[in-house]
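What follows is a short report on a single structure.
The values are calculated or read from the model by the stated rules, or taken from the named source; none is laboratory data. In this text, all values refer to a predicted model and were calculated from it rather than measured experimentally. Here the Cβ is made from the backbone with ideal geometry for all residues, glycine too, and neighbour counts use every protein chain on show.
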């Protein structure tokens, strides 16, 4: 992904065909499966965009730098804190609680294109946990040899669903912009506490948590396919046929599941979806490598968040 872009609304896909609604090849989050994943609403000049983030501390949310900077701003100045609202799902009531953002921190070396695409939102109030699980995700300090090629990871986001033979090629990944009609439908679904009739209206739209397993790809293959100079020390590549991310998943976590724990090792940055010869979508997603930014995260959060 590149800068935060206010794009025209992407078309709603018309036919489910042989695939269910998906992040791309995945399924909807259930219960308190990923309680640390949040939806981020970004409001600029009357338009609302969606990005995804993860709770890394009681008052801190991790996301992508391109989600917090306005398109075309060559100074790379972050948007004011009032532009953001973080929505945290209470899985007991199936409702979302709004959190006010008090501070926005983009990485000081974010280049406005691809590298150092990481940012932190500081919340005005602490995020409460729930009786079933910890709200805070573990951040890994594992170095660039992990994850290895072929390792299966799980990526989570609130972006567009892709299904059937029809899909929108993305390049770059950008926050989704919603129409007033879609916003109303999502609000109705959320306020109905998961009512099937209301939520079914928004299944093809962004705004619902989805996840999918993706294999780690060889970095050299990604460099050639995407024609970009990827830096292995700070980013890695993952995705496959019917397995990847779409617009609105920006900033969302990609995690490694260990028995009893889930470790965030990256966040959705940019990528491209291609059509295969059989017209299936294949995704090449690039993810910011968390381990390269552990010191920065610690300093930016006042030593309140540490990698393990």
(request) Can you tell me which residue within the range 269-308, out of those that are buried (at least 19 other Cβ atoms within 10 Å of the Cβ) and out of contact with any strand residue (DSSP E or B) (no Cβ under 6 Å at 6 or more places or on another chain), is farthest from residue 212 (Cα to Cα)? (result) 297
(request) Can you give me the number of residues within the range 40-82 that are closer than 19 Å to residue 266 by Cβ and either modelled with pLDDT under 90 or assigned to a strand (DSSP E or B) (or both)? (result) 12
(request) Considering each residue of the range 38-58, count those that are touching a strand residue (DSSP E or B) at 6+ places or on another chain (Cβ under 7 Å) and over 18 Å from residue 96 (Cβ atoms), and give that number. (result) 3
(request) For the range 211-229, enumerate the residues that are without any contact (Cβ under 8 Å) to a residue 60 or more places away in the chain and assigned to a loop (DSSP other than H, G, I, E, B). (result) 227, 229
(message) Every residue in the range 83-126 that is under 25 Å from residue 289 (Cβ atoms), more than 18 Å from the chain's Cα centre (by Cα), outside any strand (DSSP E or B) and at pLDDT 90 or above, please.
(response) 108, 109
(request) Would you mind stating whether residue 265 is assigned to a strand (DSSP E or B) and touching a residue at least 24 places away in the same chain (Cβ under 8 Å)? (result) yes
(message) Can you tell me which of (1) more than 25 Å from residue 221 (Cβ to Cβ); (2) modelled with pLDDT of 80 or more; (3) assigned to a loop (DSSP other than H, G, I, E, B) is the one residue 134 doesn't meet?
(response) (2)
